[in-house]
Amino acid sequence: MSSSNLLLYITDDNLRREAIDTLRRSDNPVSYDEHDSDWASLLERIGKTKPEVLLLGLSGLSVELSAAIRQIRYHVPRIRVIALNSSADPQTILSAMRAGTNEFVHSPLADHLPQALERILSTPDPDLVQVHRGKIVGFLSAKGGCGATTLACHVATELQKLTRKNVLLADLDLTCGLVGFLMKTPSSYSILDAVKNLTRLDESLWRALIVEHRPNLAVIPAPASYTRWDHPDENQLRQVLQFMRTQHDWVVLDLGRSLNSIATAVLDELDQLFLVSTLEVVALHGLKSIVHGLFDQGEKLQLVLNRTPKMMDISTQELENILGRSLYAALPNDYMGLYQSYSSGNLLDSNNRLAQQIGLLAGKIAGLSPVKSKKKFALFG
Ligand SMILES: Nc1ncnc2c1ncn2[C@@H]1O[C@H](COP(=O)(O)OP(=O)(O)OP(=O)(O)O)[C@@H](O)[C@H]1O
Ligand SMILES: [Mg+2]
């Protein structure tokens, strides 16, 4: 095994010295790399170098163990983790097993570590640890009021209806998000609570933070109040998104308007970014500059034209030429329909034409082919 395949992350000095000593004196010495910086940089390194085995010291770990293992396996699903501890404390052994470590060894390491390594290395093709990876799509308004929130709410709802999968709608418009209001899911928790509790974020804490709008459609609204001091650490925010993927099949984000700092921070985590614009000159100007700024995003970036009038002053082809990109969808204008639905505290009725077009958009996002129906809206397979 080459050194890049065995990585040590042991913050306790005594345990680290003992582990290194054991590895050096072993009958079959193995080479290793050591990581001596913080947790976030460890994850970054693991993601880049993809080691086969990690020797993880349990004492002094800054992250709760099950969250730590989950984050490690998010980057390298096949990695095998040997948990090291100075004592054979039963509670620690139990939590190491529950967290999904492959081996647990304690001092004196010379008596246990070489055998544990041997066992792990003699299993050449470990079972792939399946890490659930849902898809994350974001809606961003080219300028304020183009319809990002309307689309995020309706697309999330339609995605759930069409795919019957587990969908999360998350409001990342931290300053003035309206998702909780439109979905009628007021909550005292927001994505900021997940960020603050990242080190102990697990399935049960997550369930307590999200609100069930209906079965298999959960919502996490924007914070009720937000000041610039609340701005989340961007690396931690990305880790929360990575966690969301493990909990939901689809995650739909309302990213607010323009290329704001949150949208920019989460860009790498998105599978698809839908830039929503109207035909208004100011919106098209915003759209063009965002498209220019995100030129390197390729197919990840898609354009949605909203509130498209029946008669356009400019053809779709001309518009696409100006923008240098094709339109993913063009949705009709129905101000009254939305006004009436929102006034009565609902999303659009499924008979509504705009709702049907948003349904088609959701089907396209989910990769489902539309089924033609003479009546109303065609459901997808
Ligand atoms: N297709 C549409 N037809 C008519 N009105 C629409 C359409 N889509 C959205 N609207 C209306 O436009 C207004 C702005 O929509 P929305 O709040 O979804 O936009 P936004 O991009 O999220 O805005 P903000 O920048 O304030 O977050 C709302 O009154 C909404 O009802
Ligand atoms: Mg909005």
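Here, each number is a calculation from the coordinates, and none is a lab measurement. In this text the structure is predicted, and so the values were computed from the model without any measurement. Every residue, glycine as well, gets a Cβ built from its backbone with ideal geometry; the counts of neighbours run over all protein chains shown.
Close Cβ contacts (under 9 Å, 6 or more residues apart or on different chains) running from residues in segment 292-320 that are surrounded by 13 or more Cβ atoms within 10 Å (Cβ to Cβ) to residues that are small (Gly, Ala, Ser) and assigned to a loop (DSSP other than H, G, I, E, B) comprise 302/326; 303/142; 303/326; 304/147; 306/147; 307/147; 316/326; 320/326.
Evaluate segment 267-274: report whether one residue or more is within 15 Å of ligand 1 (Cβ to nearest atom), within 22 Å of residue 170 (Cβ to Cβ) and not in a loop (DSSP other than H, G, I, E, B).
Yes, segment 267-274 contains a residue that is within 15 Å of ligand 1 (Cβ to nearest atom), within 22 Å of residue 170 (Cβ to Cβ) and not in a loop (DSSP other than H, G, I, E, B).
Would segment 114-135 turn up any residue that is within 16 Å of ligand 1 (Cβ to nearest atom) and within 19 Å of residue 249 (Cβ to Cβ)? No, segment 114-135 contains no residue that is within 16 Å of ligand 1 (Cβ to nearest atom) and within 19 Å of residue 249 (Cβ to Cβ).
Checking each residue in segment 212-245 for being crowded, with 18+ Cβ neighbours inside 10 Å and part of a strand (DSSP E or B) picks out 213, 217, 218, 219, 220. Considering segment 307-338 alone, what residues qualify as being away from ligand 2 (no atom under 16 Å from the Cβ) and over 23 Å from residue 285 (Cβ atoms)? Within segment 307-338, 310, 334, 336, 337 meet the criteria. Of all residues being buried (at least 18 other Cβ atoms within 10 Å of the Cβ) and more than 16 Å from ligand 2 (Cβ to nearest atom) in segment 248-265, which is nearest to the chain's Cα centre (by Cα)? Just the residue, please. Filtering segment 248-265 for residues that are buried (at least 18 other Cβ atoms within 10 Å of the Cβ) and more than 16 Å from ligand 2 (Cβ to nearest atom), the one nearest to the chain's Cα centre (by Cα) comes out as 251. Can you tell me which residue within segment 182-192, out of those that are buried (at least 16 other Cβ atoms within 10 Å of the Cβ) and either part of a loop (DSSP other than H, G, I, E, B) or within 14 Å of ligand 1 (Cβ to nearest atom) (or both), is farthest from the chain's Cα centre (by Cα)? Per the criteria, the residue is 182. If you check residue 204 against the conditions, is it small (Gly, Ala, Ser), within 16 Å of ligand 2 (Cβ to nearest atom) and out of contact with any strand residue (DSSP E or B) (no Cβ under 6 Å at 6 or more places or on another chain)? Answer is no for this residue.
Number of residues in segment 193-223 that are within 16 Å of ligand 1 (Cβ to nearest atom) and in contact with a Phe, Trp or Tyr (Cβ under 7 Å, 6 or more places away or on another chain): the value is 0.
In segment 321-340, which residue that is surrounded by fewer than 14 Cβ atoms within 10 Å (Cβ to Cβ) and more than 27 Å from the chain's Cα centre (by Cα) is farthest from residue 266 (Cα to Cα)? Taking the candidates together, the pick is 336.
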